[in-house]
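Heads up: the structure comes next, in structure tokens.
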Amino acid sequence: MAALLGTDVPGRHRPAGEGAATPAAAATRRPVTGSVHSWDLSTGVDGPGTRFVTFLAGCPLACLYCHNPDTWRMRDGRRTTADDLVAEAAKYTRFISAAGGGATVSGGEPLLQPVFTGELLHRFKHELGLHTALDTSGFLGARATDALLRDADLVLLDIKSWNPATYQRVTGRPLRPTLDFARRLARLGKDVWVRFVLVPGLTDEPANIEGVARFAASLGNVTRVDVLPFHKLGEAKWDALGKDFALRDTPSPTPGQVAMAREIFAGQGLRAI
């Protein structure tokens, strides 16, 4: 896990240009590369409209309900240049723009590769004219430069629990870095959609949901909350990787449970979907 956390860990494959403080396009003509799991076109789940979504490889968290555990390790991704991804996205720009969409950099955790992520956001926004979104857990938010965040029109921020012990159990990591990043986004006036996964018996305690709701409402820049019902669509991937899926016997929440969670967020004046 330590190899996932630092750009300076000996032996880690270091993307070209990694470590620079500004978008690489402004600093070098060398191709900027990163470890990419895949890309896709999606509608409704990765930001507004139809999106060109780049899924980067590598994540410092190990969420119990992760539906893409195959994105956890950077070394399992494909070395890809920003040039290639921008060229691919350019094929769909007219369609994406007509559908009110844009481009999202997701993962894994994109802030594990901050320079590559910044390069993609910068070029999607300024070369292709697309609305941009950063999809992150916020755990590595300190790695996001102000320049990177300026090039993100929207941040999709996962707040997986308000109870620190539950957050640690869900992710294997502490909650505080995510909350610190959320407060920084608020100071910057950055548009944020909070995403909360509702897991029966784990994150569904009303007090836990209320804590997330009060915090999100206090920030002043959260324009939407997505309550995401837990599902087991990634179970086969866990099995294929020889990993123990700890939530195998956990049911998906009922429609009533999802409605209750949304009502708690709405009670704090938030638009809950």
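Any read-out appearing in this document is the output of simple, stated calculations on the displayed coordinates, not a laboratory observation. Since the model is a prediction, treat every value here as computed from it, not as a measurement. Because the Cβ atoms are built from the backbone with ideal geometry, glycine has one as well, and the counts that use them run over all protein chains shown.
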Report summary line: Residues meeting the amide H criterion for Leu228 (H placed from the backbone, H to H distance under 5 Å, 5 or more places apart or on another chain) are Phe196, Val197, Leu198
Query raised in the report: Can you give the charge dipole size of the stretch 32-266 about its Cα centre, rounded to the nearest 20 debye, using +1 on the beta carbon of Lys and Arg and -1 on the beta carbon of Asp and Glu?
Result: 360
**Report entry** Sequence-distant lysines (8 or more away, or on other chains) whose Cα lies within less than 20 Å of Lys243
**Finding:** Lys232
**Report entry** Whole-angstrom gap from the stretch 225-273 to the stretch 28-58, using each part's C-alpha centre
**Finding:** 23
Query raised in the report: Out of residues 5 or more away from Ala103 or on other chains, whose amide H comes under 5 Å of its own, with H placed 1.01 Å from N in the peptide plane?
Result: Phe52, His131, Thr132, Ala133
Report task. Excluding residues on the same chain fewer than 8 positions from Lys91, give the aspartates and glutamates whose Cα lies under 14 Å from its Cα. Result -> Asp40, Asp83, Glu127
Report task. Identify which of Thr117, Thr254, Thr171 has the largest mean-square fluctuation in a Gaussian network model of the chain, with springs joining Cα atoms closer than 10 Å. Result -> Thr254
Report task. Quickly estimate the mean residue ellipticity at 222 nm for the chain, helices only: each DSSP H run with n ≥ 4 gives -39500 (n - 2.57), and the total goes over all residues, rounded to 500. Result -> -9500 deg cm²/dmol
Query raised in the report: Most exposed first by the Cβ proxy, i.e. fewest other Cβ within 10 Å, how do Met74, Met260 rank?
Result: Met260, Met74
Query raised in the report: Where in the stretch 238-273 does the label zone of Arg169 land, with the point 7 angstrom along Cα→C-beta and an amide N cut-off under 15 Å?
Result: 246-251
Query raised in the report: Considering the chain, which cysteines have no disulfide-compatible partner, defined as another cysteine with its Cβ under 4.7 Å away?
Result: Cys59
Query raised in the report: What order do you get for 156-163, 246-253, 265-272 when each peptide is scored by the mean count of other beta carbon atoms within 10 Å, highest first?
Result: 156-163, 265-272, 246-253
Report summary line: Rounded to one decimal in Å, the inverse mean reciprocal Cα-Cα distance for the chain, i.e. its Kirkwood radius, is 18.9
Query raised in the report: Residue-wise, which Karplus ³J(HN,Hα) couplings in Hz belong to the stretch 139-155, taking 6.51 cos²θ - 1.76 cosθ + 1.60, θ = phi - 60°, and x for glycine or proline?
Result: 4, 9, x, 5, 7, 7, 6, 4, 5, 4, 5, 4, 8, 9, 6, 8, 10
Query - Label-point gap, in nm, between Glu235 and Leu188 - each point 7 angstrom along Cα→Cβ - result: 3.9
Query raised in the report: What order do you get for His67, His231, His37 when you list them from fewest to most C-beta neighbours inside 10 Å?
Result: His231, His67, His37
Query raised in the report: Cα-based Rg of the stretch 99-248 per 2.2 N^0.38 Å, rounded to two decimals?
Result: 1.08
**Report entry** Ascending count of other beta-carbon atoms within 10 Å, so fewest first, for Trp72, Trp238
**Finding:** Trp238, Trp72
